[in-house]
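What follows is a single structure, written as structure tokens, with notes after it.
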Amino acid sequence: MGLEKAKLDINLFPDEIKNYLIGSEIYDSSCSQRSKTYFIDSDFGYYLKVAPKNTLEHESSMMNYFHGKKMTSRVCAYINNYNDNDYFLMERVKGESSYEEKFLKEPERLAVVAGESLRKLHDINPEDCPKKGITVKLIKSAHKNYMGNNYDAWFLDYGDFKSVENGYDFLCKNEHKLVEDVNLHGDACLPNIMLDDNFNFVGFIDFEGGGIGDRHFDIMWTIWSLQHNLETNDYMDRFLNAYGRDKFDMDRYKLCISLQAFTWED
């Protein structure tokens, strides 16, 4: 498995969580400084996130929503503000992250399945989505961050913006073009797209930034992830063809790059 075994005092956990921990092998799979993530090796496998109070409600709500749409696994428990922490327990999504080497070795197939799976998510009717206004919130945050001189220079360069002012000016003049009309994953990178051994899509994970927003925010992250993990931009067209160019707008795509530059959080 490659994960380090975790030593936990299970008596510190809520009863709803404790029942899953008793008698199980537990591994630390954390990849964030803001929260701890544990893999519980029992039954089908579970993941447990522990983070400061009031920080996991959004993700658990969106995962529960997308489970109802058959796009991810089941939420087993969400406990808010127990000993100043939130606890979020979910079943493991079957399959493996699409950034695994065996998938990266077949980039044409990977780009296609990434495009098709993201379009499948975006085609779900969003009328009952519990979280709305994601892009509007990002725009407000971007203006606030610019005034505070808070931005990501790398992303501005990625969008071919010549300066901070150039990137911000582009956002200000064109932000009205962004449309909130689809369910967003919020972080549609390859590690969050799960595939089986035959390259079939089996689900998404990690919906921390999910909700209704502009589809190009997800498109941007998947294209970036393909470029980053494959170390080439040769598969952007293949991804867009699989996703559907009928829904792609270059201005809105570039807008989301500038938006990300002023809302980046590590």
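A few remarks follow.
- Leu118 passes every criterion in (1) open to solvent by less than 20 Å² (accessible area, probe 1.4 Å); (2) within 20 Å of Gly213 (Cβ to Cβ); (3) among the aliphatic types (A, V, I, L, M); (4) in a loop (DSSP other than H, G, I, E, B) apart from (4).
- Test: Tyr27 is over 28 Å from Gly133 (Cβ atoms) and touching a Pro at 6+ places or on another chain (Cβ under 7 Å): no
- Complete set of residues in the stretch 240-257 that are touching a residue at least 24 places away in the same chain (Cβ under 8 Å), closer than 23 Å to Lys177 by Cα, outside any loop (DSSP other than H, G, I, E, B) and not basic (Lys, Arg): Leu240, Asn241, Tyr243, Asp251, Tyr253, Leu255, Cys256, Ile257
- Wholly enclosed helices (runs of 4 or more DSSP H) of the stretch 1-104 bearing at least 1 residues of a type outside the set (Ser, Thr, Tyr) and under 30 Å from Asn229 (Cα atoms): 57-68, 101-104
- Within the stretch 121-175, the residues that satisfy the criterion of being open to solvent by less than 50 Å² (accessible area, probe 1.4 Å), within 22 Å of Leu190 (Cα to Cα) and part of a loop (DSSP other than H, G, I, E, B) are Ile124, Asp152, Gly159.
- Search result, residues across the stretch 218-235 that are in contact (Cβ under 8 Å) with a residue 40 or more places away in the chain, more than 12 Å from Val113 (Cα to Cα) and in a helix (DSSP H, G or I): Asp218, Ile219, Met220, Trp224, Ser225, Asn229, Leu230
- Residue within the stretch 62-80 that is small (Gly, Ala, Ser), touching a Pro at 6+ places or on another chain (Cβ under 7 Å) and either open to solvent by 20 Å² or more (accessible area, probe 1.4 Å) or closer than 22 Å to Ile26 by Cα (or both) present: no
- Of everything in the stretch 194-224 that is among the aromatic types (Phe, Trp, Tyr) and more than 18 Å from Asp123 (Cα to Cα), the residue that is surrounded by the most Cβ atoms within 10 Å (Cβ to Cβ) is Trp224.
- Just one of the listed residues (Lys70, Lys36) is of a type in the set (Lys, Arg), modelled with pLDDT under 95 and under 19 Å from the mean Cα position of the chain (by Cα), and it is Lys36.
- Candidate set from the stretch 105-141 (those that are touching a residue at least 60 places away in the same chain (Cβ under 8 Å) and more than 19 Å from the chain's Cα centre (by Cα)); member that is farthest from Tyr38 (Cα to Cα): Glu108
The values are calculated or read from the model by the stated rules, or taken from the named source; none is laboratory data. Just so we're clear, the structure is a prediction, and the values are computed from it rather than from any experiment. Here Cβ is always computed from backbone atoms with ideal geometry, including for glycine, and neighbour counts include all displayed protein chains. Accessible surface is based on the protein model in full, side chains and every heavy atom, while ligands, DNA and RNA are left aside. Shrake-Rupley method; radii C 1.70, N 1.55, O 1.52, S 1.80 Å.
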